[in-house]
Amino acid sequence: TRSTNHEPSEMSNRTMTIYFDQVLVNIGNHFDLASSIFVAPRKGIYSFSFHVVKVYNRQTIQVSLMQNGYPVISAFAGDQDVTREAASNGVLLHMEREDKVHLKLERGNLMGGWKYSTFSGFLVFPL
């Protein structure tokens, strides 16, 4: 989860990675909190989901789930008259051992505060 707003600048976050500051469950420690990247411990089918909330009205947010540096799925929230609007998505991914997954903020600012922005993933079926 994120407990603070995410308002990146060009200087502070060139990759636009969404960083998380609290882990609720991390069995096996395959999610690295410092980089906010999940590294697959083994080949298999993994489930990932995320939920984000934009901070300001008259703004659009777009978030992509990245696998090995490439966007797989995205979520978008762009109602210009709504201050707090959510975007969510989820996916099953075939992953090889050492594949990496993280979230990328394509545009906008995310709300933190009460842990509105979340990211989770787990192994569904080993191959």
Sum up the charges of everything whose Cβ sits under 10 Å from the Cβ of residue 74, counting Lys and Arg as +1 and Asp and Glu as -1, but leave residue 74 out. 0
If a paramagnetic tag sat 7 Å from the Cα of residue 24 along the Cα-Cβ line, which residues of the range 78-99 would have the backbone N under 20 Å from that point? 85-92
Please work out the average accessible area per residue across the range 10-126, using the 1.4 Å probe convention, and give it in Å². 56 Å²
Which number gives the lysine pairs in the chain that have C-alpha atoms under 21 Å apart and are eight or more places apart or on different chains? 4
Subtracting the Cα-Cα distance from 0.36 nm times the residue separation, let me have the gained length for residue 92 to residue 109 in nm, one decimal. 3.5 nm
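The values are calculated or read from the model by the stated rules, or taken from the named source; none is laboratory data. Remember, predicted model here, so these are calculated numbers, not experimental data. FYI the Cβ positions are ideal-geometry reconstructions off the backbone, even for glycines, and counts take in every protein chain you see. In case anyone asks, the SASA skips ligands and DNA or RNA and just uses the protein heavy atoms, side chains included. Shrake-Rupley method; radii C 1.70, N 1.55, O 1.52, S 1.80 Å.
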